[in-house]
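A.B. asks: First, the structure itself, so that you have it in front of you.
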Amino acid sequence: MIAQSKYVVHEPEKCKGKWKEVFGNDRPIHIEIGMGKGKFIMGMAEANPDINYIGIEKYSSVLLRAIQKMEENELPNVVFIRMDAEDICEVFDKGEIDKIYLNFSDPWPKDRHAKRRLTSKQFFERYDGILKKDGIVEFKTDNDLLFQFSLEQVPEAGWNLDKFTWDLHNDEEMVKGNVMTEYEEKFSKLGIKIKYLKAVKK
Ligand code: SAM
């Protein structure tokens, strides 16, 4: 099913430096790492037809759900990749990506696993290698400890912390245009505050 899907780029390393050709245009490219079932990325793609979106997901079982959504509502500006984000520098060239979204990323609570967190400075180094100058990382989470860690990692990685809030849904300015993810819906219904930050590459 995934192996045959036209919505999935199957050998993404071969597209390194050529993603504009994949989409057939020069529009900016935004990626979401750990997109889950794809609700957010598809909502963003529908709202922003002038931006190309690439959804990255580690697990086939989850990716399959996003593919099913695309089959019901095909969007020309979205493709998916099944991969571990650790390898993104083999898939995207320097400056090829304009923006990265990280939504409700796995917390990896043990200290010894900190470098696996998608907002660790080790991951910011990888983002440095694929984003253009002034490229952006936006991160949303329900998890206080992961958010505090992420706020500290941004300057440690040499990035600018442009803005942040511990309560996105009650921040009139920052919530404008917010597209909810599956996990965001679930956690906000439980009364858990959604945390958000925007980091900009120097
Ligand atoms: N972003 C979605 C949302 O907000 O509803 C899903 C959140 S879920 C907690 C985290 C997702 O990230 C899972 O689907 C998981 O498989 C994926 N993921 C975690 N680590 C990843 C990695 N290193 N590379 C790619 N995907 C990853």
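The values are calculated or read from the model by the stated rules, or taken from the named source; none is laboratory data. On a predicted model such as this, the values are computed, not experimentally measured, just so you know. Please note: Cβ atoms are built from the backbone with ideal geometry, for glycine as well, and neighbour counts cover all protein chains shown.
A.B. asks: If you check Glu32, Glu46, Glu57, Glu21, which single one turns out to be in contact (Cβ under 8 Å) with a residue 24 or more places away in the chain and under 22 Å from Lys133 (Cα atoms)? Before you say what the answer is, go through the steps one by one.
C.D. replies: Working: Glu46 fails: under 22 Å from Lys133 (Cα atoms); Glu57 fails: under 22 Å from Lys133 (Cα atoms); Glu21 fails: in contact (Cβ under 8 Å) with a residue 24 or more places away in the chain.
Step by step, each of Glu32, Glu46, Glu57, Glu21 is checked, and only Glu32 is in contact (Cβ under 8 Å) with a residue 24 or more places away in the chain and under 22 Å from Lys133 (Cα atoms).
A.B. asks: Name the one entry in Asp134, Asp167, Asp144 that is loosely packed, with under 14 Cβ neighbours inside 10 Å and closer than 25 Å to Ile54 by Cα. Before you say what the answer is, go through the steps one by one.
C.D. replies: Working: Asp167 fails: closer than 25 Å to Ile54 by Cα; Asp144 fails: closer than 25 Å to Ile54 by Cα.
Only one candidate qualifies: Asp134.
A.B. asks: Follow-up. Do we have Ile56 as modelled with pLDDT of 95 or more and touching a Pro at 6+ places or on another chain (Cβ under 8 Å) here?
C.D. replies: No, not satisfied.
A.B. asks: Look through the stretch 16-60, keep the residues that are part of a helix (DSSP H, G or I) and near the ligand (Cβ under 9 Å from one of its atoms), and return whichever of them is nearest to Lys140 (Cα to Cα).
C.D. replies: Of all residues in the stretch 16-60, those part of a helix (DSSP H, G or I) come to 19-23, 39-47, 60.
Then drop every residue that is not near the ligand (Cβ under 9 Å from one of its atoms), which leaves 39-41.
Numbers: Lys39: 14, Phe40: 12, Ile41: 14 Å.
So the residue we want is Phe40.
A.B. asks: Enumerate the helices (runs of 4 or more DSSP H) found wholly within the stretch 83-202, keeping only those where 2 or more residues are within 27 Å of Cys15 (Cβ to Cβ) and of a type outside the set (Asp, Glu). Steps first, answer last, please.
C.D. replies: Values: elements: 121-128, 144-156, 182-189.
Correct list: 121-128.
A.B. asks: A further question on this structure: Lys58 is checked against (1) within 19 Å of Ala3 (Cα to Cα); (2) buried (at least 18 other Cβ atoms within 10 Å of the Cβ); (3) touching an Asp or Glu at 6+ places or on another chain (Cβ under 7 Å) and fails just one. What number does that condition carry?
C.D. replies: (2)
A.B. asks: Residues of the stretch 79-132 being of a type in the set (A, V, I, L, M), more than 14 Å from the chain's Cα centre (by Cα) and under 24 Å from Gln148 (Cα atoms), which ones? Steps first, please.
C.D. replies: We begin by selecting, within the stretch 79-132, every residue of a type in the set (A, V, I, L, M); these are 79, 81, 83, 85, 88, 91, 97, 100, 102, 114, 118, 130-131.
Among the residues that remain, those that are also more than 14 Å from the chain's Cα centre (by Cα) are: 91, 114.
Result: Ala114, single match.
A.B. asks: Looking only at the stretch 103-119, how many residues end up being under 21 Å from Met35 (Cβ atoms) and either within 11 Å of the ligand (Cβ to nearest atom) or surrounded by fewer than 20 Cβ atoms within 10 Å (Cβ to Cβ) (or both)?
C.D. replies: Of the residues in the stretch 103-119, the ones under 21 Å from Met35 (Cβ atoms) are 103-108, 116-119.
Retained after the next criterion (residues that are either within 11 Å of the ligand (Cβ to nearest atom) or surrounded by fewer than 20 Cβ atoms within 10 Å (Cβ to Cβ) (or both)): 103-108, 116-118.
The qualifying residues number 9.
A.B. asks: If Arg65 meets every condition in (1) in contact with a Lys or Arg (Cβ under 6 Å, 6 or more places away or on another chain); (2) at positive phi; (3) within 12 Å of the ligand (Cβ to nearest atom) apart from one, which number is that one?
C.D. replies: (2)
A.B. asks: So, one more: Condition first: farther than 13 Å from Glu32 by Cβ, surrounded by 11 or more Cβ atoms within 10 Å (Cβ to Cβ) and either β-branched (Val, Ile, Thr) or within 18 Å of the chain's Cα centre (by Cα) (or both). Now tell me which residues in the stretch 170-183 satisfy that. Outline the logic, then answer.
C.D. replies: So in the stretch 170-183, the residues farther than 13 Å from Glu32 by Cβ come out as 170-178, 180.
Filter once more, keeping what is surrounded by 11 or more Cβ atoms within 10 Å (Cβ to Cβ): 170-171, 174-175, 178, 180.
Residues satisfying the conditions are Met174, Val175, Asn178, Met180.
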